[in-house]
Amino acid sequence: MPILPILTNPTPSLRERSLEVETKTIGTPDFQAFLDVLIETMFAADGVGIAAPQVGRNIRVFVVNRHGKGEVYINPRLTKISEATAIAEEGCLSVPDVWGMVERAKKVSVEALNRHGRIVTLDCRGLEAVTFQHETDHLDGILFIDKVKDRESIKSVKSIKS
Ligand SMILES: [Zn+2]
């Protein structure tokens, strides 16, 4: 299975708002093949999630590693966002070797289409809630480094990798 190169900041297309996927597109072989490659790319990069714009397709699709399986979310929306927040360290495949503390809602509900075009809903919390918010941001051209409150918390781990 081939994998795709992951675009890194500051690639301009990472900053674009991605377009909705038309329902009739979902069942096409080309689109299904793209989903498989996107999943493989996530696993190859050891990511917990990856969004289509990170591989140069500005469409509203991301995949998340849930229990070791690549799950597809098409045209996702966060339908509920808790007022309660938590601060946790984040990184991003498109911002290599950089980590920073980001404040996010503790719980979110997600509504999306799965790879068969069926509506799925999901309530998530903890790391999973962070991942869905992070990936949804990618579809709006937002990177986690935009949301790091305390710039001091940004650290590059390149130095310790030597
Ligand atoms: Zn990311």
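Readers should treat all values here as calculations from the given coordinates under stated rules, not as data from a laboratory. Fair warning: this is a prediction, and the values are worked out from it, not measured in the lab. Don't worry about glycine lacking a Cβ; one is built from the backbone with ideal geometry, like all the others, and counts go over all protein chains shown.
For the chain, the longest principal axis of the Cα atoms and the long axis of helix 126-139 meet at an angle of about 70 degrees. Within segment 101-155, the trypsin sites (Lys or Arg not before Pro) that combine a DSSP coil assignment with at most 10 other C-beta atoms in a 10 angstrom radius are R118. Counting only lysines at least 8 places from K155 when in the same chain, those with an alpha carbon closer than 18 Å to its own are K147. Using C-alpha pairs below 8 Å separated by at least 6 residues, the relative contact order for segment 12-161 is 25 percent. For segment 1-108, the share of DSSP beta bridges that are antiparallel, to the nearest 5, is 95%. For the listed peptides 128-136, 72-80, a ranking on the average number of other beta carbons within 10 Å per residue, highest first, reads 128-136, 72-80. Partner aspartates and glutamates whose Cα lies under 19 Å from the Cα of K80, excluding those fewer than 8 positions away in the same chain, are identified as E103, E111, D123, E128, E135, D137, D140. The modelled label-to-label distance for the pair D146/D97, using points 7 Å beyond Cα in the direction of Cβ, is 2.5 nm. With each label modelled as a point 7 angstrom along the Cα→C-beta vector, the E111-I3 pair spans 3.5 nm. Classify the chain as rounded, prolate or oblate, taking a ≥ b ≥ c as the square roots of the eigenvalues of its Cα gyration tensor: rounded when a/c is under 1.5, otherwise prolate if a/b is larger than b/c and oblate if not. The shape class here is oblate.
On a 0 to 90 degree scale, rounded to 10, what angle separates helix 29-44 from the longest Cα axis of the chain? For 29-44 against the chain, the angle is about 30 degrees.
With R₀ fixed at 30 Å, the C-beta to C-beta distance from L78 to T23 puts the FRET efficiency at about 0.90.
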